[in-house]
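Here is the structure we will look at, set down as structure tokens.
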Amino acid sequence: MADELLVLHEKPAAEFMVAGWRRQWSNGGRISSGLPRYLIEKLGARKIGQLGDQVSTLCYPFQVAGTHDTFRPAAAFQDGLPASPMARENDFYDAGNGLIIFLGEEPWSRIDLYGAGFFQAVRELGVKQTVAVEGVNGPAPPELERRINCVYSRPEMKETLERYGLIMSSRGIEGRRGPTIGMAMVSLAHFEYPEVEMFRLGAMAPMYPFVVSNNEQLGIFRDHRSFYDIMRRLKSLFKLDIDLSELQALGETESRELQSNLDRIGENNAEAKRIIEQVRSDYNVIPYVEPVNLDPALDRTLEDILQGMSDPPEGT
């Protein structure tokens, strides 16, 4: 069973893993599928394995009526001859410097089986912390920082994560709400794999209720500003050596374009202008400030100085 759940061709030294999923519900701004793909290409990551045949066979349907080939497994033919076996894409990549990237397909059933294969990889690769990246579409001023929600698997993780400008989610506590695949994996880690440290970061990609060309809503469909706001946190948290200037520039360009379209709509429609202004008024975000880690000796020295300043003078 174990070999059918996971196939690893290599086991490089690993510390951290960034995980995302294609064909999934919480993929606003193409964050869950696009950010891992961006990292794979940017860092020249090499495929080192995948979830096995047991996962491909039991966790997915062959097709869903009316969706053509959207949910069918990938297949390829060359001059009429099959060139590769039908396969699901649940792949692990080595990006070097201890970073593993996972890009998968959201399972339709047997989340327990899917999770068993996923966390087997975490264990065999020696990954210390895993982050799932996801996104939702929602009204957000395009030029401002993206709001980043977080859930995490172990209570001792909270103190560190709170230093990174995150909003801790209470989804489902007041009524039934289904989890995203990232949230489901964090929940599995907490209850079934307590040794695993996993958290989920979910960003809000701007989307407004205005229909434009092709009957699409006005927004940013591949939100590089969300990529950037997630990655600058992970760069600090995981001590990654990665240049984020390209993501920053792409995000700024997309945000300016959306804002220009919003300004044009607002000039010609009073109700649209009211909605745009209300979005800005209601929007709240915790600004990200990169944490500063003091040397323990310096930290103790500062504590001694502050303690000395608060002590009363002798003889009083």
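FYI, it's all coordinate maths here, none of it is from the lab. It should be emphasised that the depicted structure is a prediction, and the values quoted were computed from it without experimental measurement. Note: ideal-geometry Cβ built from the backbone for every residue, glycine included; neighbour counts use all protein chains shown.
One table, with the values for the structure above:
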{"quantity": "Protection proxy ranking of 13-19, 40-46 - average other beta-carbon atoms within 10 Å, highest first", "calculated": "13-19, 40-46"}
{"quantity": "Neighbourhood charge, 15 Å Cβ-Cβ cut-off, centred on Glu252 and excluding it, Lys, Arg +1 and Asp, Glu -1", "calculated": "-2"}
{"quantity": "Cα gyration tensor shape for region 86-237, rounded if a/c is under 1.5, else prolate or oblate", "calculated": "prolate"}
{"quantity": "Expected 222 nm ellipticity per residue - DSSP helices of 4 or more, -39500 (n - 2.57), all of the chain, to 500", "calculated": "-12000 deg cm²/dmol"}
{"quantity": "Region 213-292 shape via C-alpha gyration tensor axes, a/c threshold 1.5", "calculated": "prolate"}
{"quantity": "Percent of alpha-carbon pairs separated by more than 25 Å within region 16-147", "calculated": "32 percent"}
{"quantity": "Net +/- balance of residues flanking Ile100 in space, Cβ distance below 12 Å, scoring K and R +1, D and E -1", "calculated": "-1"}
{"quantity": "Among 67-76, 160-169, 103-112, 180-189, the order from most to least packed when residues are scored by Cβ within 10 Å on average", "calculated": "180-189, 103-112, 160-169, 67-76"}
{"quantity": "Reachable lysines from Lys128, criterion Cα separation under 17 angstrom, eight or more residues apart if same chain", "calculated": "Lys11, Lys158, Lys235, Lys239"}
{"quantity": "Total charge dipole magnitude, the chain, about the Cα centre, Cβ charges on Lys, Arg, Asp, Glu only, Debye to nearest 20", "calculated": "840 debye"}
{"quantity": "Segments 267-277, 198-208 sorted - mean Cβ within 10 Å per residue, highest first", "calculated": "198-208, 267-277"}
{"quantity": "Charge context of Leu51, other residues only, Cβ under 11 angstrom, K/R +1, D/E -1", "calculated": "-4"}
{"quantity": "Semi-axis lengths (Å, descending) of the ellipsoid that matches the C-alpha gyration tensor of the chain", "calculated": "36, 30, 18"}
